[in-house]
Amino acid sequence: MIDIRALRVAIPLACALAAFVAGGPAWSAYPEKAVRVIVPSPPGGGNDVMARLAGQKLAEAWSKQVVVDNRPGAGGAIAFEMAAHAAPDGYTLLLGSTNLTVLPDLQKVNYHPIKDFVPISLLAKSMNILLVHPSVPAKSAKELIALAKSRPGKLNYGTTIATSIHLAAELFKARAGINIVMVPYKGVGPALVDLLAGQVDVAFANPAASKDFVRSGRMRALAVTGEKRSAVLPDVPTIAESAIPGYEASTWWGILAPAGTPAAVVAEVNGKLAAAFTQRDVTDRVAALGADRVGGPPERLAAHLNAEIPKWREVIRAANIRL
């Protein structure tokens, strides 16, 4: 005789087990609709290029639309807050960058860079170049430090307030123990124009923006700010190897999602990005930005975020940087 009560228990259990083995009914078909990638800047520039590159490859892998949603303003806070408060269903992603971690120490924001997001993939990192006008009598970072110590407050550098190049410069000053006067600009372009004209002595800039000036001799590259040398200017040493051991300052780009996004979604997006960012067309585009592909599991981006926050908080407070 069939035990009806046993069947009432066994059948639902069997169905649940089958769904689990198949990957679960909620996420087995992810994504089932368009995915949005929020970008903390207007179209154009490194953030937008990186987001569109990632979005294009995800769309190709999924055969689903991936919409890049540019939300500039407030130093990126508008985009970060929108992403932090979005539904954690896998259909909202964020292109995170350096400002995600430094902004809470520069102004009041309604998000927390660790608690409100789940990291997915550290896409790429880009270093900057320490540049001087040819009239500056320094051929290396070590010589520039010695020159600045012999002329405290006499040298100056051009920068854009509260950006990665500003932070790189202030970290350099703090670690070297020198006083170089900051001259603010609205963008790196105007700062480089004045460096070319000799109106400022020193600047930090992305390799993509400055490499041609260096190669033509109109600027002198003393060192790069990354962990390793740049493929764009391989003869230029790092600041760490030539002057200040342990120095490193990079711009980064990564993909995150609102806290609470299912682990299955995180794994799916990470896997697709990992495959895409090894493709030649992607690595060429990343290199054109003066950046290097990073990749790795979500834990790599998590570790990076946790290291960046205290590092730049110390610099921001010591230099009294404010937006």
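The values are calculated or read from the model by the stated rules, or taken from the named source; none is laboratory data. What you are looking at is a predicted structure, and each value in this text was computed from that prediction instead of being measured. Cβ coordinates were reconstructed from backbone atoms using ideal geometry, including for glycine residues, and neighbour counts include every protein chain displayed. Protein only, heavy atoms only, side chains kept; ligands, DNA and RNA dropped before computing areas. Shrake-Rupley method; radii C 1.70, N 1.55, O 1.52, S 1.80 Å.
A dipole drawn for the chain from +1 and -1 charges on Cβ atoms has a positive end, and of L103, V181, V68 the residue lying farthest that way is V181.
Net charge within 13 Å of V286 by Cβ-Cβ distance, Lys/Arg positive one each and Asp/Glu negative one each, not counting V286 itself? Let's see the in-between values first.
Details: positive: R52, K57, K125, R280, R285, R293; negative: D281, D284, D292.
Around V286, the surrounding residues sum to +3.
Summarising the amide proton neighbourhood of N179: residues at separation of 5 or more, or on other chains, whose placed amide H is nearer than 5 Å comprise G153.
Can you pull the percent of the chain's accessible area that's carbon plus sulfur, 1.4 Å probe, other chains left in place? Show your work: numbers first, answer last.
Working: 8270 of 14740 Å².
Exposed carbon and sulfur together represent 56 percent of the surface.
Give the percent of DSSP beta bridges with both residues in the chain that are antiparallel, rounded to the nearest 5.
On the way: 24 of 40 bridges.
For the chain, the DSSP antiparallel bridge percentage is about 60.
Calculate the FRET efficiency for K139 and A87 from the Cβ-Cβ distance with a Förster distance of 56 Å, rounded to the nearest 0.05. With R0 = 56 Å, the Cβ-Cβ based efficiency is 0.50. In terms of its C-alpha gyration tensor, the range 222-323 comes out oblate, because a/c is 1.5 or above while a/b does not outweigh b/c.
Compute the convex hull volume of the Cα atoms of the range 198-282, divide it by the residue count, and report the result per residue in Å³ as a whole number.
Values: hull volume 13.6 nm³, N = 85.
Value for the range 198-282: 161 Å³ per residue.
A simple rule links phi to the HN-Hα coupling: the Karplus curve 6.51 cos²θ - 1.76 cosθ + 1.60 with θ = phi - 60°, which for the range 90-102 gives x, 9, 10, 10, 10, 8, x, 9, 3, 4, 4, 8, 8 Hz, with x for Gly and Pro.
What's the longest piece of the chain with no exposed trypsin sites (Lys or Arg not before Pro), counting a site as exposed if DSSP puts it in a loop and it has at most 11 other beta carbons within 10 Å? Spell out each step's value before the answer.
Details: sites that count: K33, K108, K115, K139, K186, R322.
Formally, the longest exposed-site-free interval is 187-321.
Taking A146, A274, A221 as the candidate residues, the one with maximal mean-square fluctuation in a Gaussian network model of the chain, Cα springs under 10 Å, is A146. Residues whose amide H falls under 5 Å from that of R36, counting only those 5 or more places apart or on a different chain, are V67, T92, L93, with hydrogens built in the peptide plane.
If R0 is 22 Å, what FRET efficiency do you get for K33 and A263 from their C-beta distance, rounded to 0.05? Please list the in-between numbers first.
Values: r = 20 Å, r/R0 = 0.92.
Given R0 = 22 Å and the Cβ-Cβ separation, E is 0.65.
Quick one: Debye curve from the C-alpha atoms of the range 64-106, no solvent, what's log10 I(q)/I(0) at q = 0.20, 0.26, 0.32 Å⁻¹? Log-scaled intensity ratios, in q order: -0.66, -1.00, -1.28. Cα centroid separation, the range 168-218 to the range 56-121: 29 Å.
The alpha carbons of the chain occupy a box of 99, 39, 33 Å along the principal axes, longest dimension given first. For the range 267-308, the residues whose amide N sits under 20 Å from a probe point set 7 Å from the Cα of A59 along the beta carbon direction are 269-286.
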